[in-house]
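Asker: The structure follows.
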Amino acid sequence: MAVIRNIDLSGLNGIVWIGFKYHYSEEYRRWQVDNVNIFEADSPLLTAEPGELSGFAYEVGSGPSAEQSFAVSGSNLVGNITITPPANYETSLESGTGFSSNPIVLPPVGGTVEATPVYVRLMAGLEIGDYNEAVSVTSPDAGALAVNLSGSVSPEVVPPLSIDDPEFMYMQDFNTLAMEGTGNPWTDNETILGWYWQCQNSDRDPNNVGYWAHDGSNNNVQATSFGSDGSVDRAFGSISGGSNRNFLHGVQFRNNTANPINLSEIYITYTGEQWRQTPNQHTLEFSYGKSATIITDLLAGNWSPNTSLDFVAPKTGDAGPLNGNAPENRVEFVNVPLAAEGVLEPGEYIMLRWFKSGSTAPGLAIDNFIFSLTEVIIIENPVNFSGTAISNSEINLEWELNSNNDPVMLAWSADGAFGTPEGTYQIGDPISGGGVVLYAGSNLTFLHQELNAGTTYYYRAWSMAGDVYSSGTATSATTMPDPAITPLPYTETFDQDLGDCYVYSVSGPTKYWIHSTFDDNGFASMNGFNSGDLEVDWLILPGINFDFYTNEAMSFDTWFRYGEDNETNFLKLYYSADYPGTGDPGTATWTELEFTRPAEEQTWVSSGDIDLSGITGELVYIGLKYQYEPGNYRWWQVDNISITGDASAILPGDANCDGLVNIIDAVVT
């Protein structure tokens with residue numbers, strides 16, 4: 001704002017009107033007029049210029065702002081000039097020191113205050129928001145002036161990953177992403193420091209709606225953590241769609257060294273993984289952008305492509321899931337220079353970006369990312385690493401050696417956290433950052449024993465070349481629960497969950513018995529739809545001591561839809577006196593029990609009273625076996641299971657007469 005002062009009006013006589021004339025015919029200009037004073041030459045005069053200061057700013061928690069200044073002067077004054085800062089600003093007569101929220105007083109000398117700089121800043125400790133206020137400048141008989149101030153306190157900007165030495169290397173395997181679920185929370189540069197995950201359309205942006213986690217079997221357009229069902233080995237990707245629902249993935253670094261870094265000496269290594277295919281081939285296009293300030297928007301700004309780092313989907317065909325960990329569905333990028341020319345200046349930011357444009361796309365993802373200033377030695381991971389629970393206390397781990405037949409080091413963790421191995425280890429040694437070494441050598445299996453029942457254990461395997469390790473591959477497995485047993489009468493209405501029922505999938509790893517509800521009614525549900533596998537899935541009830549009861553009988557309700565029953569496609573009821581209660585039912589002998597099935601779709605029908613009185617055994621398990629082939633999957637629902645019987649004797653030690661000898665009897669005794 002310009003201040004125009006001391007216009008000499010002494011030559012005017014009589015009654016005079018003074019006005020401002022605005023006249024423009026083109027290129028219109030905006031004018032503002034304020035603080036008009038007409039006074040006798042010897043009247044008190046007060047000035048403050050400039051009359052407006054802006055740009056006071058800092059991030060929350062880091063104030064105060066940088067200082068700015070304005071000049072105050074006066075003539076023909078009859079009193080002091082008082083400068084009063086507003087509530088959220090502070091002033092000083094010295095640059096860099098002496099700031100206070102108290103008024104400043106300037107006494108005149110001979111009625112004059114020479115131009116005096118006044119320093120002002122936005123005070124520290126304020127909350128996030130805008131602060132538009134004014135400094136008041138007053139003196140008796142000279143009126144009042146206002147110096148308008150505008151400032152703001154912004155949210156803290158978390159710095160991204162920092163390049164801080166000439167041998168800098170950064171690795172990311174994304175194994176902290178969720179293994180299951182929808183709406184998993186994501187915040188750019190926070191959930192995983194330095195990483196960004198955005199969508200062209202805000203209704204699918206993971207920062208707003210979270211991300212999904214699955215194995216490619218779902219085609220919902222979402223940011224997606226891909227990985228085999230139940231595996232901690234994850235990949236960072238998405239399933240794109242039309243209507244601008246395309247996703248962008250990025251990672252950002254800042255050059256915190258004192259020297260420029262040649263872009264040709266930044267090496268990028270990563271694995272592109274395809275978890276779903278479509279009839280058309282698609283590409284994750286790679287580019288990078290640089291800025292003097294932090295980059296937060298993956299769509300805005302200028303981006304330089306590098307087609308050598310584009311990930312082209314390896315597979316096309318009928319829409320459906322793929323195993324992104326299989327070699328035929330992966331592409332390895334190793335030590336690819338970021339660019340042929342250019343530098344990253346000290347203090348400058350660089351964002352690496354993968355962008356899937358176009359229409360509906362397959363599940364493309366990135367994994368095992370490495371950013372390095374020197375070429376890295378790449379050792380292939382072990383192949384087909386998996387874990388399978390074989391009892392309530394044992395997990396069997398299997399793998400194949402890499403193409404160089406490098407030996408393997410295996411570690412376990414209770415929470416899925418693993419550090420990066422360095423140097424040499426002995427069995428039982430901890431790895432800094434997480435994990436305990438279980439095995440090292442060239443075998444292809446390892447049996448982890450003496451485990452807790454019903455507990456998930458996490459594993460990671462690395463190939464070794466001396467004391468240099470591969471990036472590692474992960475799996476997990478959950479030990480079988482302790483077998484459930486029950487007295488009679490037994491009822492299960494599935495109001496909240498599957499209760500004590502045990503679920504085991506013999507064939508078709510993506511489908512199994514689950515708890516479902518409809519109209520506030522809970523039930524057990526099994527449907528092989530879209531599996532593509534032969535589905536053989538068991539729902540097994542808690543074990544019962546049939547030697548303790550007589551006149552045993554059972555009933556339950558069923559409902560079905562779709563499919564057709566025949567010799568190889570069915571839902572059947574069995575019992576076994578030699579099944580251990582957990583694990584593969586195929587290891588036991590089962591006898592079929594007949595029951596009444598619905599004659600029509602979508603109708604609940606009672607099984608009728610099923611006579612169990614001929615069954616004997618101290619621990620007998622009853623189970624429903626679902627078996628259906630691709631193209632003939634039937635959807636079954638089961639509810640209101642009831643098993644009754646009359647107690648025939650009291651077992652020695654069975655103090656509460658429930659047909660079981662357990663810790664409760666000790667309490668009753």
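Asker: Does the stretch 435-443 contain any residue that is touching a Leu at 6+ places or on another chain (Cβ under 9 Å), assigned by TED's automatic domain parsing to the domain that holds residue 390 and without any contact (Cβ under 8 Å) to a residue 24 or more places away in the chain?
Answerer: Checked the stretch 435-443: no residue is touching a Leu at 6+ places or on another chain (Cβ under 9 Å), assigned by TED's automatic domain parsing to the domain that holds residue 390 and without any contact (Cβ under 8 Å) to a residue 24 or more places away in the chain.
Asker: Answer yes or no: is there a residue in the stretch 289-306 that is among the acidic types (Asp, Glu) and either more than 20 Å from the chain's Cα centre (by Cα) or surrounded by fewer than 18 Cβ atoms within 10 Å (Cβ to Cβ) (or both).
Answerer: Looking for residues that are among the acidic types (Asp, Glu) and either more than 20 Å from the chain's Cα centre (by Cα) or surrounded by fewer than 18 Cβ atoms within 10 Å (Cβ to Cβ) (or both), one finds at least one in the stretch 289-306, hence yes.
Asker: Mind listing whichever residues of the stretch 519-555 are in contact (Cβ under 8 Å) with a residue 24 or more places away in the chain, in a loop (DSSP other than H, G, I, E, B) and surrounded by fewer than 21 Cβ atoms within 10 Å (Cβ to Cβ)?
Answerer: Correct list: 529, 530, 531, 532, 533, 534, 542.
Asker: Now a separate question. Filter the strands (runs of 3 or more DSSP E) completely within the stretch 185-298 down to those with at least 3 residues that are farther than 30 Å from residue 510 by Cα.
Answerer: The strands (runs of 3 or more DSSP E) meeting that bar are 247-255, 267-274, 283-291.
Asker: Being surrounded by fewer than 21 Cβ atoms within 10 Å (Cβ to Cβ), small (Gly, Ala, Ser), outside any loop (DSSP other than H, G, I, E, B) and under 36 Å from the mean Cα position of the chain (by Cα) is the filter here, so list the residues in the stretch 112-156 that pass it.
Answerer: Matches in the stretch 112-156: 129, 152, 154.
Asker: Looking at the stretch 386-488, what strands (runs of 3 or more DSSP E) fall wholly within it and have at least 2 residues that are at pLDDT 95 or above? It would help to see each step written out before you state the result.
Answerer: Numbers: elements: 395-400, 408-413, 436-441, 445-448, 456-465, 473-478.
In the stretch 386-488, 395-400, 408-413, 436-441, 445-448, 456-465 are the strands (runs of 3 or more DSSP E) which contain 2 or more residues that are at pLDDT 95 or above.
Asker: If only one of 609, 565 is of a type in the set (Asp, Glu), within 45 Å of the chain's Cα centre (by Cα) and modelled with pLDDT of 95 or more, which one is it? Spell out how you get there, then give the answer.
Answerer: Numbers: 609 fails: within 45 Å of the chain's Cα centre (by Cα).
Going through 609, 565 in turn, just one is of a type in the set (Asp, Glu), within 45 Å of the chain's Cα centre (by Cα) and modelled with pLDDT of 95 or more: 565.
Asker: Can you find a residue that is in a strand (DSSP E or B), within 19 Å of residue 314 (Cα to Cα), modelled with pLDDT of 95 or more and not charged (D, E, K, R) anywhere in the stretch 345-353?
Answerer: No; the residues of the stretch 345-353 include none that is in a strand (DSSP E or B), within 19 Å of residue 314 (Cα to Cα), modelled with pLDDT of 95 or more and not charged (D, E, K, R).
Asker: Now for a different question. Name the residues in the stretch 77-102 that are β-branched (Val, Ile, Thr), surrounded by fewer than 19 Cβ atoms within 10 Å (Cβ to Cβ) and within 24 Å of residue 132 (Cβ to Cβ), would you?
Answerer: Selection gives 82, 84.
Asker: Hey, can you tell me all the residues within the stretch 237-266 that are among the basic types (Lys, Arg) and within 18 Å of residue 338 (Cβ to Cβ)? Can you show your working first?
Answerer: Of the stretch 237-266, the ones among the basic types (Lys, Arg) are 245, 254.
254, the sole residue that qualifies.
The values are calculated or read from the model by the stated rules, or taken from the named source; none is laboratory data. On a predicted model such as this, the values are computed, not experimentally measured, just so you know. Every residue, glycine as well, gets a Cβ built from its backbone with ideal geometry; the counts of neighbours run over all protein chains shown.
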